[in-house]
Every structure is written in C-alpha cells, then in structure tokens.
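Participant: Below are the structure tokens for one structure; questions will follow.
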Amino acid sequence: MLEYITIIFPLAAALYALLWFCRWTGVHRRPLPEGGVPENALPGPGPFFEKKDWIALGIITLVYGITAFVGIGSTKAPQSFLHYTDGNQYALIDLGQERQIGGLRYYPGLVTKDYILEFSADGETWTAQTDEEGGPGMTQRYSQLFRWCDARLNADNGPVRYIRIISGGEQELGEIALYDGAGQLIPATDYTVAPGCEALTDEQDTIPEKYDYKNGTYFDEIYFPRTALEMIRQMWPYEITHPPLGKAIISLGVRIFGMTPFGWRSMGVLFGVLMLPVLYVLIKKMSGDTAAAACGTVIFAFDFMHFTQTRLATIDTYAVFFILCMELFMYLWLTEPEGKRRLLWLGLSGLSFGLGAASKWVCIYAGAGLAVLWAVYWIVRALREGRAMLRPFAVNIAWCLLFFVAVPAAVYYVSYWSYAPSQGVTGPFRLFKSGYLKIVLDNQKYMFNYHSDLEATHPYSSKWYEWVLDIRPILYYLENFDDGTRSAFGAFSNPMVCWGGILAMGGMGWLAVRERDQRAIFILIGYLANLLPWVLVSRLTFAYHYFPCTVFLVLALAHIFADLRRREDGWPLSVGGFTALCVGLFAMFYPVLSGVRVSTEYTTYFLKWFVDKWPF
C-alpha cells in the first residue's frame, strides 16, 4: 500500500502548480483596479523600502540564517600535522606492551602519497598491513584528504607493541586513533610516539566515532577546501579547472574558523544568506509589492537547491550570488533616470560580472544576458528617439567598455594574486611581471582544454531537460545504517519552485510577446541566458548547473504574485498558499537536504517521487 503513496505526492504537486497557473491566467484577464500600475511598465526609482520591508526581510534572513548554519559541520578537526619532508621517513609508536590492535583511524593532510603501515611485536620483525589485493593498508589519495579514514589491517595480526608509519614522499598526516581488539579507543596516554611526532596524538578530542559529512570533506569538497588552504600557504593549488576567486573566498572562512568543516563551509552559507537581501530588493524594485518580495524571497530561501548547494564548499554559490548582484544593478540602471547614480548602477553591475567571472565561468552566460538586455534597451530607445540617441549611445558604449571589459579583466587578473608566489613571482608589483601574466594565460588555456575535452561519466549526471523537469538530483552523500535508517542529501529543486516556476516562465514569454511586459522580458532573457548554453554542451553536466536558473524561476513566480495582488481580492490564498506549500515541502524533504538521519521507509515511500531517478 505504501508504494502507492509515493505516486500521490508528485501528481498532487504537479496538479496544484497547473491549477495555480491556470488561476493566474484567468485573473490576469481582469482589468487593473483604478490607478493600478500598467503591467508593461518598469517601476521608477525613488523611496520604495518601508518599515514593513525591513521587518519582513529581517525575519526571513534571520530564520533562514539559523536554519542554514545549524549542522553544516564540526568546528573541530586536527589543526597540527606531522610533516614528512621526504619518503621513507617514519613515525614510531610504542604501545608499552603487546596489545591486539583492531583498528587505526587517521586524518590525512595535504599531498597525495601512500604510507607503509607496519606492525611489530619486538621492534625487529615488521609486518606490512595491506588491503585485500595486497595494496598499501594506509593510503592518502586525493579523495581522502581532510577526512577521517580507516587503515586496512591484516586479518591474522597477533598482539603487537610497535607501529611504524612510513612516508611515501613529502606529505602531512594529522591525528591518529588506535583501537583495541574489542574496538575500543586506546587513550593516547597509554602509549608514546617518537620525539617530533607529537602532532599525531595532540588533538584526540577531534576523533569522531566514524567518518561522516560533518567531520570531513565529501563530494567535490575534496578539491576546493584543499585548494583554499594551499592558497593560504601560497602553494600551487591543486584545483585549477576554475578561476581563483571562489576558492579565495572559501579561504576566508578557513582563516577565521580554521581548517575545519565549519570553516570551509561557512562562507558558502554566509553568501547563501546574503543572496536573500539582494533578491528581496530586486523583487521589490520590480513589483513595488512587499508581499510579493517577501513570498518570493521565502520560496528562494527554502528552495532545495539553494539550501543544499550553499552548505557545500564548492564555488557555485559565489557565482550565483554575483549573478544576482549583476542582475539587480542592471535592473536599477534600466529604471534609473539619467544621472550619476545611474552610472553607478552600471558600474556595479560590471564589477559584479567581473567578480562572478573570476569565481566561475558560468557567470559569462549571465553576462551575455546582460548584453542582450542592454542591446534591447538601446534598440527601443532608438525607435523612440531616432538620431537623438546616438550621442548618449556612444558615451554609454565607452562606459560599458570600462565597466564590462576593463574592470572585469582587471578583477579577473588580480584574482590570481595568491597563485604567483608558488611560481617565484612575489612582491607588491607582481601584477606587472611577465611571470604573473604567464600564470594567468596558461591557466586560461588549461581550463578551456579541460572543460572542452572532458570525457567522463557519473551515476548522478543529468542533462538540461532533466533539470527543467526536476527528475534527476545529484546525490552528494548517502549512508545506510543497520537499524533501518539512513543519512543522505543531494541537490535538486523544490518541485513547486521548479514546476510552478517553469509554468510561470512560460507566462513571462506570453507577457513579453503579447503585452510587451518589460519586467517579463527582463526575467525571460535572464533565464534563457543561463539555460540555453547548456543545451549545446555535450560534456558531463549535473543538476547544480541549474542553480543560476532558479533565481529567474523565483523572479517569474514573484512577478505573478504581484499581478495576483493587484487584480485579485483572494490573493492571500493563491500567493500565501503557494508559498506555504513550498515551505511545507522543504520541511518534508529536510532529511534528504541536510543529512539528518531518518527512516529508510520514509525516504523510500514519501520522498522518492521518481523511483528510478531520485536516489534517496
């Protein structure tokens, strides 16, 4: 019987989204109340933020901020490391007497090399520990860094007194934990380590019962936090397939909170919180409506993609934040009368574009959308003013060359600042050295070749049309327990935001064509600019590539919210009901968005809406 319950949820959600959209199409045919704002007009500048806006925005930001920061990861992790400077160096552990060793847990630091792990009863005859295939029992691969790992021990080990960990080259090893034959942790006070190796046992309070996402890296975090630390240490970074700025921002959290899960994830969560005021201001500017701005911000705050993606230490969060900023400032430029402040908005939009491009190249797609908006603006103005617009047009081109070419290029160039010392390019004037320019140019070539030549497969990859329909999440973490519970989470969209949003985007197309609605045109161009390039991409892609598009889905929904507010007396049911359902679905899916341990039966029969596609 339970298997049929799963079918009910997606059908009910899709039906609600469709009926809600149909209701709007009917309401939209009604005339505006007397004195209403024409649907195709862009609201002008001026005071628009009231006390109720500050209250609404404050509550939304506070509630979401608390929700997002809770449980992102441990604030404790080994901070001191034994630094092997070369191969064949070893750390010696003396247990003081012969004991049965049932397990050895360790926390790898930087550099990928394997160890030789040896046990001895007398200090003279040593037995190497190996895996089932005879490989090293203690490894330090790129996917193991900054997470707790368990060494593979020989099944026939007898009691031992000495343990030797031999390096495979220059590498770092953090804390170790030893377990007796019964699986109990052996206190570090019960054994000694050789002089100079104290870093292996000086932070025993950081040892977890087992590895999970809260105490170590997971998924693509194996690339970015590591690179953030390397940038702090002015080492050549491991991850160079994306520009540096996003990783530099991650490094700020590491500097403040240490190389801990909380430290490397904190800036992503913070930027996820900061997205909310930016979005609220944009919606309020577009609609002039507090309820639409509040509801739109709420559904974005508790969208699954926004919540999960910003709690993962990758760089997509920063790209989306700067996309939001560049869209807001471009909208302000479009609606501001001629004057110095209008030029400021254009400049800030260009700066945001530069910061976004220096974080991840996907921001270039959004920048192309800005270029289309800019072109449409001048075409319309030319049709209206004729030759009179040529002089301001020429002046504006000059400013755009500064704001959208020179400034972004400078920001992008400077973002490589921390890469240079590892290549011997140092000093306050390193930007002007040929070696610095070579680093930047070589990395552009490498990134282009990497992304264009990438041939790989992944069990949770997906295509753009699967993002639009929300049918293939990417699974970031999954652990099943013997008691019938599991911990899992992944990235996908709130079904109401995704399905209701795509219907709303169709509405934007209708408004753009039939009514020349400038706000709908703005939203539609932004959405298509961030989606259409992926239609042409043949390489491996994932659901999180749709993250920038969710911003425009929410803007489309908020546009409809505002229209319902203007035309319908019963708007609280349609606007508030849609928003409440989005929040309700967030609560329902919270376990598979946060990793909270929950019954496998619950995830299987209540959350696995698409049996062969949703992996929870």
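Participant: It is to be established whether one or more residues within segment 278-288 are surrounded by fewer than 24 Cβ atoms within 10 Å (Cβ to Cβ) and modelled with pLDDT under 95.
Facilitator: Yes, that holds for at least one residue.
Participant: Restricting to segment 79-133, count the residues that are part of a strand (DSSP E or B) and either at pLDDT 95 or above or surrounded by 15 or more Cβ atoms within 10 Å (Cβ to Cβ) (or both).
Facilitator: Final tally of qualifying residues: 28.
Participant: Does segment 481-490 include one or more residues that are among the hydroxyl-bearing types (Ser, Thr, Tyr), crowded, with 21+ Cβ neighbours inside 10 Å, out of contact with any His (no Cβ under 9 Å at 6 or more places or on another chain) and within 27 Å of Tyr213 (Cα to Cα)?
Facilitator: Checked segment 481-490: no residue is among the hydroxyl-bearing types (Ser, Thr, Tyr), crowded, with 21+ Cβ neighbours inside 10 Å, out of contact with any His (no Cβ under 9 Å at 6 or more places or on another chain) and within 27 Å of Tyr213 (Cα to Cα).
Participant: So which residues in segment 213-246 are in contact (Cβ under 8 Å) with a residue 60 or more places away in the chain, open to solvent by less than 40 Å² (accessible area, probe 1.4 Å) and part of a loop (DSSP other than H, G, I, E, B)?
Facilitator: Within segment 213-246, Tyr213, Asn215, Gly216, Thr217, Tyr218, Pro237, Ile240, Thr241, His242, Pro243, Pro244 qualify.
Participant: Are there any pairs, at least 6 apart or on different chains, whose C-beta atoms fall under 8 Å, with the first in segment 195-209 and of a type outside the set (Phe, Trp, Tyr) and the second assigned to a helix (DSSP H, G or I), and if so, which?
Facilitator: From segment 195-209, the pairs are Thr201/Ala188; Gln204/Ala188.
Participant: Still on this structure: In segment 10-28, what residues are modelled with pLDDT under 90 and crowded, with 17+ Cβ neighbours inside 10 Å?
Facilitator: Val27, His28
Participant: Among residues belonging to segment 564-603 that are open to solvent by 60 Å² or more (accessible area, probe 1.4 Å) and charged (D, E, K, R), point out the one that is farthest from Trp20 (Cα to Cα).
Facilitator: The qualifying residue farthest from Trp20 (Cα to Cα) is Arg597.
Participant: Checking Ser143 against (1) open to solvent by 70 Å² or more (accessible area, probe 1.4 Å); (2) among the polar types (S, T, N, Q); (3) touching a residue at least 12 places away in the same chain (Cβ under 8 Å); (4) part of a loop (DSSP other than H, G, I, E, B): exactly one of these is not met. Which one?
Facilitator: Ser143 satisfies all of (1) open to solvent by 70 Å² or more (accessible area, probe 1.4 Å); (2) among the polar types (S, T, N, Q); (3) touching a residue at least 12 places away in the same chain (Cβ under 8 Å); (4) part of a loop (DSSP other than H, G, I, E, B) except (1).
Participant: Among the residues of segment 503-550, which ones are in a helix (DSSP H, G or I), touching a Lys or Arg at 6+ places or on another chain (Cβ under 9 Å) and open to solvent by less than 10 Å² (accessible area, probe 1.4 Å)?
Facilitator: Correct list: Met508, Leu511, Ala543.
Yes or no, residue by residue, for (1) within 20 Å of His306 (Cα to Cα); (2) in contact (Cβ under 8 Å) with a residue 40 or more places away in the chain; (3) touching a Pro at 6+ places or on another chain (Cβ under 8 Å); (4) open to solvent by 10 Å² or more (accessible area, probe 1.4 Å):
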| site | (1), (2), (3), (4) |
| --- | --- |
| Ile323 | yes, yes, yes, no |
| Gly339 | no, no, no, yes |
| Gly347 | no, yes, no, yes |
| Gly354 | no, yes, yes, no |
| Ile379 | no, no, no, yes |
| Arg384 | no, no, no, yes |
| Ala388 | no, no, no, yes |
| Val395 | no, no, no, yes |
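Every residue, every condition in (1) among the polar types (S, T, N, Q); (2) at pLDDT below 95, yes or no:
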| position | (1), (2) |
| --- | --- |
| Val395 | no, yes |
| Val407 | no, no |
| Ala410 | no, no |
| Ser418 | yes, yes |
| Ser422 | yes, yes |
| Phe432 | no, yes |
| Lys438 | no, no |
| Glu455 | no, yes |
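Participant: Looking at (1) assigned to a loop (DSSP other than H, G, I, E, B); (2) within 30 Å of Thr310 (Cβ to Cβ), which one does Glu175 not meet, given that it meets all the others?
Facilitator: (1)
Participant: Something else now. Scanning segment 65-78 for residues that are assigned to a loop (DSSP other than H, G, I, E, B) and not charged (D, E, K, R), which turns out nearest to Leu173 (Cα to Cα)?
Facilitator: Out of the qualifying residues, it is Pro78.
Participant: Then there's this: Scan Thr314, Thr308 and give me the residue that is in a loop (DSSP other than H, G, I, E, B), closer than 14 Å to Phe547 by Cβ and open to solvent by less than 10 Å² (accessible area, probe 1.4 Å).
Facilitator: Thr314
Participant: I've got another one for you. Considering only residues that are open to solvent by less than 60 Å² (accessible area, probe 1.4 Å), over 27 Å from Leu536 (Cβ atoms) and in a loop (DSSP other than H, G, I, E, B), which ones fall in segment 425-463?
Facilitator: Of everything in segment 425-463, those that are open to solvent by less than 60 Å² (accessible area, probe 1.4 Å), over 27 Å from Leu536 (Cβ atoms) and in a loop (DSSP other than H, G, I, E, B) turn out to be Val425, Gly427.
The values are calculated or read from the model by the stated rules, or taken from the named source; none is laboratory data. A quick note: this is a predicted structure, and the numbers were derived from the prediction, not measured. Glycine gets a Cβ as well: all are built from the backbone with ideal geometry, and neighbour counts include every protein chain shown. Remember, those area values only see protein heavy atoms, side chains included, never the ligands or the DNA or RNA. Shrake-Rupley method; radii C 1.70, N 1.55, O 1.52, S 1.80 Å.
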